[in-house]
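Q: My questions all concern the structure below.
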Amino acid sequence: MLPNIAIIGATGAVGDVFLRVAEERNFPVKDLKLLATARSAGKSLKFKNRNITVEEVSKASLANSDIIFCSATSEASKEWGPFIREMGSVMIDDGSAFRMDRTVPLVIPEVNATDLSWHEGIISIPNCTTTPLALALHSMRSISDLTKVTASTYQAVTGSGTAAVLELKNQLESLTQGNAIPTPIVYPQQIAMNVIPQVDDFDEGNYTKEEIKMKNETRKILHLPDLPITATCVRVPTIIGHAETIHVEFQNPVDLQEIFSALSKQEGISISDLPHEYPTPLTAEGNDLIHIGRLRRDETVNNNKGIVFWCVSDNLRKGAATNALQIAEELLTRGLLRSNNA
């Protein structure tokens, strides 16, 4: 039977993309509930040519749902996750609330779908910068063990939600009209015509929470708890598409063509073999691939043990909505739903 689906955060940036991707993938749905806060309840959203009224999320509105996708605040995840688990359904969570919980699988289906077998009703998807990093590393470690990873990110404002997009657009409009820039609300400084070397709040050792997420989540997904990883995460004035520069060091000397071949064979990755045909955020916008280019040797690492590459991905699709839907598809294929409704 078809599953009953609910979406918490349906009116947000990821929720909107989720509905489009679900329709594109012809995801099987028996009944669909669109849920949000009381402020957004009553709005109407379209799915497969029918209008669905958004309801306020509650125990009653979640009842009888087999799979609940949550793309809201961490507080919402923490509030509804235990209830969903108790009622025998599955929550696929886009937030950070449960990612490092030992009882919660953190999954990229192309990398560690087998981890779904031990879920207890909550499954997390990684941060939108972790996904391209972990997917690329997964393919390359078939050539040699990894010994060190250094990443720099260039992250679009949709990673902060719709309010950040509006802030960027308002600032750009003010600049073009010669008006004073409105006081930033979402970001600590002006984002238009600027870059901000801070994504999320600062935490231990002057790293931001985003940088710590990339380290810890990648280790968990790859089952490499001691892999040395460091990152610097930067917000840039683009709307969709996160980009990363990644340096990888290996235990053994690696052949660049072998690395290229491994990346080319990896499901979910598209790689360019010409230096001038590099991908940009516009390349990735609207599709579900991790786009890689500028693959080259890291000449600071001796004995041909280091490489560098550039990658971009649509942070709202593979970085969020698509990955969640792929997890749901795996649950259905593997017969891993917990409720009796599906």
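Q: For region 252-320, what proportion of DSSP beta bridges, expressed in % and rounded to the nearest 5, is antiparallel?
A: Approximately 60 percent, going by the DSSP bridge assignments.
Q: Using only the C-alpha atoms of region 160-232, find the volume of their convex hull and express it per residue in Å³.
A: It comes to 99 Å³ per residue, whole-number rounded.
Q: Taking only Cα atoms of region 277-342, what ratio of Rg to Rh do you get with Rh as the Kirkwood inverse-distance radius?
A: Taking Rh as the inverse mean 1/r over Cα pairs, Rg/Rh reads 1.23.
Q: Would you mind ranking SER272, SER77 by Cβ crowding within 10 Å, fewest neighbours first?
A: So the residues, fewest neighbours to most, are SER272, SER77.
Q: So which lysines can LYS305 reach, going by Cα to Cα under 22 Å and dropping same-chain residues fewer than 8 places off?
A: In chain and number order, the partners are LYS148, LYS215, LYS265.
Q: Which shape class, rounded, prolate or oblate, goes with region 73-185 when its Cα gyration tensor gives a ≥ b ≥ c as root eigenvalues, a/c under 1.5 marks rounded, and past that a/b bigger than b/c marks prolate?
A: Cα axes put region 73-185 in the oblate bin.
Q: Can you give the Rg to Rh ratio of region 186-342, both from alpha-carbon atoms, with Rh computed by the Kirkwood formula?
A: Ratio value, two decimals: 1.00.
Q: For region 238-309, what is the convex hull volume of the alpha-carbon atoms per residue, in Å³?
A: 94 Å³
Q: Taking the DSSP beta bridges in the chain as the whole, what percent of them are antiparallel, to the nearest 5?
A: 50 percent
Q: Would you mind giving the average projected area, over all directions, of the Cα convex hull of region 134-264 in nm² with one decimal?
A: Average projection, Cα convex hull of region 134-264: 9.5 nm².
Q: Then there's this: Have a look at region 1-93 and give its Rg and Dmax from the Cα atoms, expressed in angstrom.
A: 12.1, 34
Q: Which value, to two decimals, describes the C-alpha radius of gyration of region 1-49 once divided by 2.2 N^0.38 Å?
A: In units of the globular-protein estimate, region 1-49 measures up at 1.12.
Q: Neighbour counts of other C-beta atoms within 10 Å: give me MET87, MET214 arranged from fewest to most.
A: MET87, MET214
Q: Output the Cα-based Rg and Dmax of region 201-249 in Å, rounding Rg to one decimal and Dmax to a whole number.
A: Calculated on Cα positions, Rg and Dmax stand at 12.1, 34 Å.
Q: Next up: Show that you can apply the helix-only estimate: for the chain, add -39,500 (n - 2.57) for every DSSP H stretch of four or more residues, divide by all residues, and state [θ] at 222 nm to the nearest 500.
A: The helix contribution divided over the chain gives -8500 deg cm²/dmol.
Q: List, in order, the whole-Hz ³J(HN,Hα) value for each residue of region 87-102 obtained from phi through the Karplus relation with A = 6.51, B = -1.76, C = 1.60 and θ = phi - 60°; use x for Gly and Pro.
A: 7, x, 9, 10, 9, 9, 9, 8, x, 8, 4, 10, 4, 9, 5, 5
Q: Still on this structure, please answer the following. Find the Cα radius of gyration of the chain, compare it with 2.2 N^0.38 Å by division, and give the number to two decimals.
A: My calculation over the Cα atoms of the chain gives 1.01.
Readers should treat all values here as calculations from the given coordinates under stated rules, not as data from a laboratory. Owing to the predicted nature of the structure, the values given are computational and were not obtained by experimental measurement. With ideal geometry, Cβ positions are generated from the backbone for all residues, glycine too; neighbour counts draw on all protein chains shown.
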